[in-house]
Amino acid sequence: MQEQNLSEEPIVGATEITGPQLRPAPSIGKAWRDRASWAVRGLGPPTVPIGVPSTSDDISQQHARLVIDLALRVGEALLSTGASAADVVTTVLRLTAAYGIHSTHVDITFTSISVSIQRGANEDPLSVMRVVKVRSADYSRLEELYNLVEEIAFARENGNEVIDVEDARQQLSDILVRPHPHRRWVATAGLSCIAVGVTWILVPAQ
């Protein structure tokens, strides 16, 4: 038998492969993981942007000082008459936005309120603070304060002319010095009736 010589040189060139080609089936677990990852993967930007620099409101320093003083006085009056801290922050931000200032920051503690305005990288920021010395439930005056801010914000939101800052300061002063609609004993009697009613509801019947 004659021996066959085998060449050790590699085969060069394209090799034709006929017949169906078999591919390994993907793992069922991996397929479900890919589908679950696609279903829960976030596609949009962050819900709350963090650390985004605020833009300049393009306002004069005099206007910014008048608005920040008005906002501080309104916030102090709201805290003094019984408003919650969250409501005060929302109201002050809405008031400053009505006068074209959107870079306002409000900080409230139990005894003080601070309002600051960031006027851009090329302008000096403004920051004021006031100590809240009096806290008393005065809901009639509180309602008038809310109405004042609502009137200013409603005019801005509907494209109407907003009342001047000086006029708003005068209206605020009128609200703060206006006498109560009822005598003190009427308010005390009303609060007493509320306390009795709450106690009657909470105490179980014997």
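The values are calculated or read from the model by the stated rules, or taken from the named source; none is laboratory data. Keep in mind the model is a prediction, meaning the values are calculated, not measured. Just so you know, the surface numbers come from the protein's heavy atoms only, side chains and all, with ligands and any DNA or RNA stripped out. Shrake-Rupley method; radii C 1.70, N 1.55, O 1.52, S 1.80 Å.
Worth a mention:
- Solvent exposure of region 47-206, expressed per residue, is 65 Å² of accessible area, with all protein chains present and a 1.4 angstrom probe.
- Taking max minus min of the alpha-carbon positions on each principal axis, region 52-203 gives extents of 61, 30, 27 Å, largest first.
- Added length on full extension, which subtracts the Cα-Cα distance from 0.36 nm per residue, Glu166 to Thr199: 7.2 nm
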